[in-house]
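Notes follow once the structure below has been shown.
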Amino acid sequence: MKRYLLGIVMAFLVVSLTMSCSAPAAKETPAASIKFGVVGPMAFVQGQHAWYGAQIAADEINADGGILVDGKKRLIELVKVETNELNSVPDATLAVERAITVDKVDFLVGGYRSEAALAYHEIACNYKRIFISPPCGLPTIVGRITDDYNKFKYIFRVGGGSMTGRAICDNVVPIVLNSAKKELNMTNLKVAILAVQALWPAPFVSLLKEKEEEWNLEIVGEWRPSISASDLTGELTAIKSKGAHIIYTCLGGPVNVVFGKQYGELNIPAAPIGWAVETSDISYWKSTGGKCNYEATTSLFAKVKATDRSIPFYDKFTALSGGYSPTQSAATYTAVWVIKEAIEKANSLDPDLLVTQLEKTKWAAPEGVTSFTGIDNDQPHDQMWGPDFTTGFGVQWQDGELVTFWPPADGSFGGLKFDGVKPYKFPPHVVQYWKEK
């Protein structure tokens, strides 16, 4: 009997050992994702393109396993933050606070309207969330870092801010002015300012007024339509009656497309140049029915090889967006990537450690090399500008083609030479009108 019981016990032990050896090993719990809130007015091109840029970056990083931190690869999870900021600043602030407190985002990228950014950047800083924005143009977006570094150090600006925008305009606008003087045989030009009712045009309008005497200009008036204006007949008719040779544009939002259509329909005898966001998108020709011919603008992105990432990003973006091209989307793409690089160098998600790493950034982005101004600058954490960093571009619509005309093909700007750059063309209908006067 004892032998029988012993046999049963031994058999049980053998079966148990066999089962434990053959059972599958317990799966390791996957590391939690890292959440990026993508902020913007998602019903408009500024928000849609910010989302596409961040999505391309997340897809590239996730395809390589994610972000390496503390010995584990963690995937990026994007959270779409609809701010409605073109219409409502309070909506935008509530959306960002909800993204932090409810959606538990770790980082924030995107944004557009300066009034909204001033408010929701403050909220982000209260929660110590790093927030990298595209070029919300108001200087105080990053300028207030100098007043309270410990509070606002979590804010960075990529793509181009007021400093970059002014520098681009300072180089691009004279090309159009000199062409006008030559084609119209004039030494003094009349300029009309057409800028949306928002804060971001302020530094660009100030630049023109500062340069009025140096550039031999006469500013004949300033018109400030709403971002969502559906008709500019009154403004454009008044600009024509004032005898303007140049329209200095600071446009973004739905009114930008309205301008492109009515500029051609009303045959306005003045050459546009300035900062018009939608104008630099390849969809603009179709959106305006081709009425935008010879309209020019400064732009943060163009289809030229600024770095090895430029053309691949452009192609991915146009495929993802269904035929649109980047306007400010390269900024959110860059923002996600530079945060990823900072996390891996710091081996941490601690925001204070990441600020230190971000301040050392030097990364070859689609629009050029991204680095940030130092804390000794009056606009710290802003995009560095120049031939060794990002330059921006001058682009113009020429018979259905969006042509890059600056930096110039001859390499006269810091030795930069990009394939495909063509000369600026002064609008023929403007020449004809003024020669007949």
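The values are calculated or read from the model by the stated rules, or taken from the named source; none is laboratory data. In this text the structure is predicted, and so the values were computed from the model without any measurement. When we count neighbours, we look across all protein chains shown, and the Cβ atoms used for this are built from the backbone with ideal geometry, even at glycine. Only protein heavy atoms, including side chains, enter the accessible area calculation; ligands, DNA and RNA are left aside. Shrake-Rupley method; radii C 1.70, N 1.55, O 1.52, S 1.80 Å.
For beta carbons closer than 9 Å, sequence separation of 6+ or different chains, a first residue in the stretch 252-276 that is touching a residue at least 40 places away in the same chain (Cβ under 8 Å) and part of a helix (DSSP H, G or I) and a second that is surrounded by fewer than 24 Cβ atoms within 10 Å (Cβ to Cβ) and charged (D, E, K, R), the qualifying pairs are Phe259/Glu235.
Among the residues examined, Tyr112 does not qualify as of a type in the set (Phe, Trp, Tyr) and assigned to a helix (DSSP H, G or I). Within the stretch 233-269, how many residues turn out to be aliphatic (A, V, I, L, M), over 19 Å from Pro428 (Cβ atoms) and within 26 Å of the chain's Cα centre (by Cα)? Result for the stretch 233-269: 4.
Do you know which residues across the stretch 171-212 are aromatic (Phe, Trp, Tyr) and part of a loop (DSSP other than H, G, I, E, B)? Listed by number, the list holds a single entry, Trp200. Restricting the stretch 159-194 to residues that are buried (at least 23 other Cβ atoms within 10 Å of the Cβ) and on the phi > 0 side of the Ramachandran plot leaves a set whose member that is nearest to the chain's Cα centre (by Cα) is Gly159. Restricted to the stretch 362-416, the set of strands (runs of 3 or more DSSP E) holding at least 3 residues that are open to solvent by less than 30 Å² (accessible area, probe 1.4 Å) comprises 393-398, 401-406. Any residue at all in the stretch 338-359 that is surrounded by 19 or more Cβ atoms within 10 Å (Cβ to Cβ), farther than 25 Å from Ala296 by Cα and in contact with a Ser or Thr (Cβ under 6 Å, 6 or more places away or on another chain)? Yes, the stretch 338-359 contains a residue that is surrounded by 19 or more Cβ atoms within 10 Å (Cβ to Cβ), farther than 25 Å from Ala296 by Cα and in contact with a Ser or Thr (Cβ under 6 Å, 6 or more places away or on another chain). The single condition from (1) touching a residue at least 40 places away in the same chain (Cβ under 8 Å); (2) in contact with an Asp or Glu (Cβ under 7 Å, 6 or more places away or on another chain); (3) of a type in the set (Phe, Trp, Tyr) that Tyr248 fails is (2). The residues of the stretch 281-311 that are free of Cβ contacts under 8 Å to residues at least 60 places away in the same chain, on the phi < 0 side of the Ramachandran plot and open to solvent by 10 Å² or more (accessible area, probe 1.4 Å), listed by number, are Ser283, Lys286, Ser287, Lys291, Asp308, Arg309, Ile311.
Could you tell me whether the stretch 59-69 includes any residue that is hydrophobic (A, V, I, L, M, F, W, C), open to solvent by 50 Å² or more (accessible area, probe 1.4 Å) and in contact with a helix residue (DSSP H, G or I) (Cβ under 8 Å, 6 or more places away or on another chain)? Yes, there is a match, as at least one residue in the stretch 59-69 is hydrophobic (A, V, I, L, M, F, W, C), open to solvent by 50 Å² or more (accessible area, probe 1.4 Å) and in contact with a helix residue (DSSP H, G or I) (Cβ under 8 Å, 6 or more places away or on another chain).
For the stretch 133-147, the count of residues that are assigned to a loop (DSSP other than H, G, I, E, B), open to solvent by less than 20 Å² (accessible area, probe 1.4 Å), touching a Phe, Trp or Tyr at 6+ places or on another chain (Cβ under 9 Å) and at pLDDT 95 or above is nonzero.
Condition test on Thr101, is it modelled with pLDDT of 95 or more, in contact with a helix residue (DSSP H, G or I) (Cβ under 6 Å, 6 or more places away or on another chain) and open to solvent by 20 Å² or more (accessible area, probe 1.4 Å)? Reasoning before the result, please.
Values: modelled with pLDDT of 95 or more: yes; in contact with a helix residue (DSSP H, G or I) (Cβ under 6 Å, 6 or more places away or on another chain): no; open to solvent by 20 Å² or more (accessible area, probe 1.4 Å): yes.
The answer is no for Thr101.
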